[in-house]
Amino acid sequence: MDGLKTNDDNVIRACLELIQSGSFCCAGAKAALAGQKIDCVIVHDLRYATDDIHIVTALQRFHSLNQANYNSLAVIFPRTPALSEPEFETFLWNRLQALHEIDHQSFAWDPNVSQDPASPQFGFSIGGQAFFVVGMHPAASRVSRRMPFPVLAFNSHAQFRQLRANGNYARVQKATRVRDLALQGYLNPMLADHGVKSEARQYSGREHPEQWICPFQPVGQDARIA
């Protein structure tokens, strides 16, 4: 991005170097990095709403400009103090709730996904387009979710549909899970294909009991029917 300060360059470099490393297992992210399709937005503190409008604007613009197979927008919060895994999850959903409430003023929810966070068809929508959100932070229990700073990576659902259509999705998914198994010793129990369980369970990287209820509440939706 233009106009980055030196310390912002260092923040981005630290995160991208970790994606290149052996401790990061997502094959799609590695492919996106190799193709220079990871855009980074440096903001401040995950706990506060200071940069919410900036993040929403970046996401709305990002999807309109990126239609390649692998692309991701990484929002990095380097000024966040140390957080436990439950704290990180709380602030992740606080931010997503706030982003949605801003975006809702201009855009409807992506019709290709459900706005009900309990639904197997759920996807997080910004700018009328669905995203799968990957939360990463220093205290993550999953090794592959550990980053030097809290990061929310937004990955377009449209690219997943494209990968399925051209027959590449299963290959990328298998490569990721093989690496994750080798790195952690067991597969992430939260993993599930879209349409089987709500992807909201995967966003923070934290393991949840079956009865977990996502705190996200879509604007204008009073009932959650899976």
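Derivation of every value follows stated rules applied to the coordinates shown; laboratory data play no part. What you see is a predicted model, and the numbers here were worked out from it, not measured in a lab. For neighbour counting, all protein chains shown are included, and Cβ atoms are generated from backbone atoms with ideal geometry for every residue, glycine included.
Sequentially through the range 89-96, phi angles give Karplus couplings (6.51, -1.76, 1.60; θ = phi - 60°) of 4, 4, 6, 4, 6, 4, 5, 4 Hz, Gly and Pro residues having no value and appearing as x.
Fewest neighbouring Cβ atoms within 10 Å first, the residues LYS174, LYS197 line up as LYS174, LYS197.
Protection proxy ranking of 209-218, 77-86, by the mean of other Cβ atoms within 10 Å over each peptide's residues and highest first, is 77-86, 209-218.
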